[in-house]
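For reference, the structure discussed in these notes is given below.
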Amino acid sequence: MPCKKLLLSMLLLGAAAGCSSSSSNQSDEMKEVLPINEYTQLVSAPDITVSSSSKSKESVEPALVGIIPAQLSIPAINVDAKVEHVGQLPDGQMDVPKDESNVGWYQPGAKPGERGNAVLAGHVDNKTGPSVFFHLGDLEAGDLVTVTDEHGLAYDFEVNAVKSYPRNNAPLEKVFGTSFKSSLNLITCTGTFDRDAGTHEERMVVYTTLVSE
Amino acid sequence: MLRKFMAAAVAMVMMFGIIGGTAFADNHEAMVRVIHASPDAPAVDVYVDGEAVVEGAEYKQATDYMALPAGDHEIEVFPAGENGEGDPVISQSVTLEEGMKYSAAAVGKLDSISLWALNDDMEASEGKAKVRVVHASPDAPNVDVVVKDGDVLFSDVAFKSTSDYAEVDPMTVDLEVRPAGSEDVVLEIPGVELKEGYVYSVYAIGLVEGDPTLEAWPMVDATNMPSEMPQTGMGGAADQSNTVAWALLGGAILAAGTGIYLRKKQTA
């Protein structure tokens, strides 16, 4: 397993080096971030088609296959939690796990490991104290997140960024929307608890992307 | 007292505010993705309003949706690595309406390349999936798209046009592409997954004659998204925002009580 990860890392580094050598010598200003730049990631179309019989057959590359998550492990913040499946409440809001020590996988979304945004939500606190995602905000870029299915098949994801948003102005498209990348987004509540509204004032998202299988 | 009422009123307004309407519509934004579907065009850099949004995009590559302010925008496509100088391969103005999603596809062979702006649907009906075909193959004839051993889904779709979206039961299906009205199959598209609540555009790209060859590029226009982030906190470990309000209220009651007591003392 370590050998496979090393090989994959080398391949990724090689690919990254290849990409940078083909870009022009621009000043750093060109790459400076407009808000839109952070959304632009290039990904190729999956080759999943077969030509008609009059042409030579193309090799068919399988699309990335996701797993149905059963367990979530985040060693950096001592999280080792069971994963429930959650959907939408009648008003369309994402539902939460029945047991607040578990995390909830948004089932209508992507499976961890396949192309798209897979989303896991966990409670920051319960009525009396901290809960499963209380330390989510301590995660840093580079920390690893592992999702495992019931057969033990595991995918690793790497933290890219940790962001907080006002609860009514979270970028739902970015968290739940269509994407060519294979991402796992971890969400919880954060900020001041507004007792009149019965909820925290902010939502936190930890953005991670697939690094290996 | 007034402060507590105000806080409750604000909470009510905010609650009604979140029903319906996505965040990017509230921010007066539209969502756009850029697609390189020109089979013989080189890698390109794409500029919006004079700023690079993607560099080195090759054929069969696309960006994710990007949020842009609603309104008019200038899109320019340059050969990659030219710093956006010289003549662009494409220069086109687009008008984006807030809350809408668009795909800006570079289509056609290089000598007649253009930027095709498509409106992407964002929702499917309850319990359904939505799918359409987008004909982006410059030398393919008008096509029918059929379910293998089943019904015709779309007929007579021409290059640089789309079928309407069809609403179907969620399923995984094998599709076939045929010249319009013909039984011959020019392209098979096996295992197309159509999930509940999702919106799909299946692009036909590439060339019938020569390379890159004709193939399908199924794209997700919209996923089955929730309307709001989940309620993942109960306040047991959090700072609370109304402690100041309670302190003021408590102080006001104390002051009022003291005032009444003093007045009573005077009149007694």
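The values are calculated or read from the model by the stated rules, or taken from the named source; none is laboratory data. Since the structure is predicted, the reported quantities are computational estimates derived from the model, not experimental observations. Cβ coordinates were reconstructed from backbone atoms using ideal geometry, including for glycine residues, and neighbour counts include every protein chain displayed.
So the values come out like this:
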| quantity | calculated |
| --- | --- |
| Condition broken by B:Glu51, with the remaining ones in (1) acidic (Asp, Glu); (2) at positive phi; (3) at the interface with chain A (Cβ under 7 Å from one of its Cβ atoms) satisfied | (2) |
| Residue under evaluation B:Val131, criteria (1) assigned by TED's automatic domain parsing to the domain that holds B:Lys160; (2) more than 18 Å from B:Tyr203 (Cα to Cα), criterion not met | (2) |
| Hits in the range B:15-41 (condition: surrounded by fewer than 16 Cβ atoms within 10 Å (Cβ to Cβ), over 16 Å from the mean Cα position of the chain (by Cα) and either outside any loop (DSSP other than H, G, I, E, B) or modelled with pLDDT of 60 or more (or both)) | B:Met15, B:Phe16, B:Gly17, B:Asp40 |
| Those residues of the range A:81-105 which are of a type in the set (Asp, Glu) and over 17 Å from the mean Cα position of the chain (by Cα), in sequence order | A:Asp91, A:Asp95, A:Asp99, A:Glu100 |
| Top-ranked residue of the range A:71-108 - restricted to ones that are among the acidic types (Asp, Glu) and out of contact with any Pro (no Cβ under 6 Å at 6 or more places or on another chain), ranked as nearest to A:Val159 (Cα to Cα) | A:Asp80 |
| Which listed residue is within 24 Å of the chain's Cα centre (by Cα), outside the structural domain of B:Val202 (by TED's automatic domain parsing) and touching a residue at least 40 places away in the same chain (Cβ under 8 Å), from B:Ala52, B:Ala57, B:Ala136, B:Ala62 | B:Ala62 |
| Unmet criterion (only one of (1) part of a strand (DSSP E or B); (2) of a type in the set (A, V, I, L, M, F, W, C); (3) within 24 Å of B:Glu193 (Cβ to Cβ)) for A:Ala110 | (1) |
| Selection within the range B:184-209 - free of Cβ contacts under 8 Å to residues at least 40 places away in the same chain and more than 26 Å from the chain's Cα centre (by Cα) | B:Asp184, B:Val185, B:Leu187 |
| Residue identified as of a type in the set (A, V, I, L, M, F, W, C) and part of a loop (DSSP other than H, G, I, E, B) among A:Phe133, A:Phe193 | A:Phe133 |
| Hits in the range A:168-178 - residues which are surrounded by fewer than 24 Cβ atoms within 10 Å (Cβ to Cβ) and touching a Gly at 6+ places or on another chain (Cβ under 8 Å) | A:Asn168 |
| Residue match in the range A:171-190 (condition: within 7 Å of another protein chain (Cβ to nearest Cβ), assigned to a loop (DSSP other than H, G, I, E, B), out of contact with any helix residue (DSSP H, G or I) (no Cβ under 7 Å at 6 or more places or on another chain) and hydrophobic (A, V, I, L, M, F, W, C)) | yes |
| Verdict on A:Glu150 being modelled with pLDDT of 95 or more, touching a helix residue (DSSP H, G or I) at 6+ places or on another chain (Cβ under 8 Å), more than 14 Å from chain B (Cβ to nearest Cβ) and part of a loop (DSSP other than H, G, I, E, B) | no |
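The rows are residues; the columns are (1) surrounded by fewer than 18 Cβ atoms within 10 Å (Cβ to Cβ); (2) out of contact with any strand residue (DSSP E or B) (no Cβ under 8 Å at 6 or more places or on another chain); (3) within 30 Å of A:Ser182 (Cα to Cα).
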site: B:Ile75; (1), (2), (3): no, no, yes
site: B:Phe78; (1), (2), (3): no, no, yes
site: B:Gly86; (1), (2), (3): yes, no, no
site: B:Thr95; (1), (2), (3): yes, no, no
site: B:Ala104; (1), (2), (3): no, no, yes
site: B:Ala117; (1), (2), (3): yes, no, yes
site: B:Val133; (1), (2), (3): no, no, yes
